[in-house]
Amino acid sequence: MAWSNQSKEYAKLLEIGRPPNIAALFPNSKALIVSGKFIDRALKAKGRAMTIAANGRSHLIIRGVLAAAQRAEAACIVEIAKSEGGHDFYCAVNYWNMARQVDALANEMGLTIPVAIHADHYAIKGDKDLALAKVQVPTMFEAGITSIAIDASHLPDDQNLLNSIAINASIPKWAGLECEVGEIKGDVGLSTVEDALFLIQGLNANDIFPDWIALNNGTTHGIQASSAGIQVELTAEIHQALKPYGLSGAQHGTSGNSSERLKRIAKETNTTKANVATALQMVSWGVEIDDFGNALLKDGNLVKVPGKGMSEELWAEMVAFGAAKNFKAGDFKSLNLPFENKIMSQPKAIRDRMAKGVEDFVYNLLTNVFSADGTAPLAYEAILKAGSYDPGPKGTRIEDPNEWTAEKIKIKGLSLTPDKGPKGNYDD
């Protein structure tokens, strides 16, 4: 079971388990904010389980997620994507304030579960993005990020690999690391074994050992346009091919996939991290959803459930705001930023109701779908075993660096399938 935050054992975890940036930012904190590596290790120790990587688009979503994780004694991840909380953004929560919000809530609520602060989908789409990343990424870690996903999947395979190598020097070795092959764009441009091996072998040859890989395995971000969803068999095939490199899977776009399909991802693949974003937003607002976590639309419009989520008056104001801008249902995510202060200025009973809705939704995912319950003590064990904030990499170098020079990477890249599906904005 999770330890008391007053115990000597828990004090030891705080002493050795918090990375240097967290210890410097919050010297008197009792929040167990750790590297993403420890979250992955805990889920691997349980086996056939994954935990939530919750996109904290609002303060109340973060509160609800943390309450659910404590209740389930589950190690968890709170994250935000570049499109949500980078320098071009639509959320008040961002890369530079998310750790502060998590730390404050964990201390207020007396939490003892281990939490990683993850910068999701840090997109690099070209030379300008890479130059900016070399400036921005260190500032994000200074602000409390403990895990990052470098996403250069918008680029051809050779450029994805080369950019992932180029930015790695800006990422602390102790931090959790996720890489991505194939943009998340549904059942087109699906990832292949060859694509995944190319990225991971090239990183391995350059002494870069990611904790997770994200694939385009048949799902999408946001409100799902079809019921096609995650291709479990494809995911399992790619994970099996990558087994010698010690990676786990990161499942993006879980909203819109049934509980049964998500259970299969946990049980039949090596996935330990499951991103949940849109469903949490809808639940916190009080929008009607199905078992898939997908918003139920009426004549193309979101449907608010009376007595759930935010107040009816604020919802009406949000709908009017969206109508004035000709928003479709999928555009409502852009309301997070302009309405965060209005959401937080509602009466406490309403705010509590919003957070509680998220808590109950996430608790069900953690315990009945993801099988993440009871993983907090497993993270404790991993920290104590490491005796440090850094458990080290799971993989070792098995590829020849001489075969993965920049020139040879470009040549090897020519042999890969160029079809990545249609172009478009698939960030989120």
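Please treat every number below as a calculation from the coordinates, not as lab data. A quick note: this is a predicted structure, and the numbers were derived from the prediction, not measured. Cβ atoms come from the backbone with ideal geometry, glycine included; neighbour counts cover every protein chain shown.
Working value for segment 1-88: equivalent-ellipsoid semi-axes of 22, 18, 14 Å, each the square root of 5 times a Cα gyration tensor eigenvalue, largest first. Sequence-distant contacts, meaning Cα pairs under 8 Å at least 6 residues apart, place the relative contact order of segment 36-189 at 22 percent. Straight-line cross-link partners of LYS267 among the aspartates and glutamates, defined as a Cα under 13 Å from its Cα and at least 8 positions apart when in the same chain: GLU233.
If you take the Cα centroid of segment 18-51 and the Cα centroid of segment 132-152, the two points sit 17 Å apart. Tally Lys and Arg at +1 and Asp and Glu at -1 over the other residues with C-beta under 12 Å from the C-beta of LEU197: what net charge comes out? My count for the surroundings of LEU197 gives -3. When all alpha carbon pairs of the chain are counted in 10 Å bins from zero, the resulting P(r) reads 5, 24, 34, 26, 10, 2, 0 %.
Bridges between two residues of the chain, per DSSP, are antiparallel at a rate of about 15%.
The residue list THR396, ALA54, LEU162 was ranked by how far each Cα lies along the charge dipole of the chain toward its positive end, using unit charges on Cβ atoms, and ALA54 comes out on top. Can you tell which of PRO210, MET109, LEU297 lies farthest toward the positive end of the dipole of the chain, using +1 and -1 charges on the Cβ of basic and acidic side chains (Lys, Arg; Asp, Glu)? Checked the options; the winner is MET109.
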